[in-house]
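Here the structure is laid out as structure tokens; the discussion comes afterwards.
The values are calculated or read from the model by the stated rules, or taken from the named source; none is laboratory data. Everything numeric in this text was worked out from a predicted model, so none of it was measured. Note: ideal-geometry Cβ built from the backbone for every residue, glycine included; neighbour counts use all protein chains shown. Just the protein is used for accessible areas: all its heavy atoms, side chains included, with ligands, DNA and RNA removed. Shrake-Rupley method; radii C 1.70, N 1.55, O 1.52, S 1.80 Å.
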Amino acid sequence: MHLILLGAPGSGKGTQASRIVSELGYLHVSTGDLLRNEIRKESELGKRVSAVINSGQLVDDSLVLELLKANCTLEDNVYIFDGFPRNIEQAKALDNKVLTGHQSKAIYFKLDLGLLTERLVNRRMCKDCGAIYNLVSKAPKKSGVCDNCNSSNLYQRPDDHEDTVKNRLQVFSDTINPVLEFYEGKGDLVVVDASQGADDVFGHIKGQIQG
Ligand code: AMP
């Protein structure tokens, strides 16, 4: 069964996704990662989307859908969809144009949005292995060095600066409710309390996957 992770930026989707991949054998597809990769490659698409991403707004639906479709083969794999859908149009497109005939469950990482600004502005990522840190709650053991791969390439995402974070959270709260209603209506919605520790959140998700 494919998993669709829903939640505000900073609600822990990326952290849980890497654990689901390493412990349960899923493949992870994150539309944010795919878009950032296009920006890094300086592709035509990357040039078109970088200003939108750095402002905290959403990229055009059809463009993200095409990128997603080009980066997953559902026949032989089970996927975690992270960062897609972001609105009701994308939720319907995922259902009709990507997941046709496949079973899925949507997992909503429920969290008080007031907690997230601080989480996001303190988030740091490893450029080399993708590990995620938080300077307050999960700082690397040695400042500026990744615990996982020893790289000193820890960085702050440009859209994790405070001004952009506010826009991203606003966009999230403006668009999420119809998406939740859509999955609830299909009987496919699981709500997880994302204010718990990462181990508890993972335990809940694992219980849902393994039935
Ligand atoms: P994320 O890494 O999921 O927080 O996404 C970072 C940024 O990429 C978002 O703020 C959007 O600008 C863009 N983005 C990612 N996924 C989508 C999507 N499904 N639809 C539109 N824009 C997206």
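Taking other residues whose beta carbon is less than 12 angstrom from the beta carbon of Asp95, and scoring Lys, Arg as +1 and Asp, Glu as -1, yields +1.
Which FRET efficiency, nearest 0.05, do Arg40 and Glu75 yield, Cβ-Cβ r, R0 30 Å?
Plugging the Cβ-Cβ distance into 1/(1 + (r/R0)^6) gives 0.55.
Listed by chain and number, the lysines whose C-alpha is less than 21 Å from the C-alpha of Lys97, apart from same-chain residues fewer than 8 away, are Lys69, Lys105, Lys186. Counting only C-alpha contacts under 8 Å and six or more residues apart, can you give the relative contact order of region 16-69 as a whole percent? Computed over region 16-69, the figure is 25 percent.
Placing a label point 7 Å from the Cα of Ser195 along the Cα-to-Cβ direction, the residues of region 85-116 whose backbone N falls under 16 Å of that point are 109-116. In straight-distance terms, cross-link reach from Lys206 covers every one of the aspartates and glutamates whose alpha-carbon lies under 20 Å from its own, apart from those fewer than eight places away in the same chain; here that gives Glu23, Asp82, Glu184, Asp188, Asp193.
Absence of a disulfide-compatible partner, taken as no other cysteine beta carbon within less than 4.7 angstrom, is noted in the chain for Cys72. Extending 7 Å from Cα along the Cβ direction at Leu63 and again at Lys141 yields two label points whose distance is 4.2 nm.
Under the simplified labelling scheme, the Asp33-Asp128 pair shows an inter-label distance of 1.8 nm, with each label point 7 Å from Cα along Cα→Cβ. Of all DSSP-defined beta bridges confined to the chain, some 25% are antiparallel rather than parallel. Placing +1 on the Cβ of every Lys and Arg and -1 on the Cβ of every Asp and Glu, with no other charges, gives region 1-103 a dipole of roughly 240 debye about its Cα centre.
Only loop residues by DSSP count here, and only those with at most 16 other Cβ atoms within 10 Å; note down the trypsin sites (Lys or Arg not before Pro) in region 86-117 that meet that. Sparse-neighbourhood loop trypsin sites (Lys or Arg not before Pro): none present. Measuring max minus min along each principal axis, the C-alpha atoms of the chain give extents of 47, 40, 35 Å (largest first).
Surface calculation, 1.4 Å probe, protein heavy atoms: Ser152 sits at approximately 90 Å² accessible. Only one residue of Gly114, Leu74, Leu35 has its Cα farthest out toward the positive end of the dipole of region 1-115, where Lys and Arg carry +1 and Asp and Glu -1 on Cβ, and that residue is Gly114. Only Lys, Arg, Asp and Glu carry charge here, each on its Cβ (+1 for the first two, -1 for the last two); on that basis the chain has a dipole of about 500 debye about its Cα centre.
Of the residues Gly144, Leu180, Val64, the one whose Cα sits farthest toward the positive end of the charge dipole of the chain, with +1 on the Cβ of Lys and Arg and -1 on the Cβ of Asp and Glu, is Gly144. Helical content of the chain, expressed as a calculated mean residue ellipticity at 222 nm, amounts to -14000 deg cm²/dmol (DSSP H runs of 4 or more residues, -39,500 (n - 2.57) each, divided by residue number, nearest 500).
Based on Cα contacts under 8 Å between residues 6+ apart, the chain shows a relative contact order of 30 percent.
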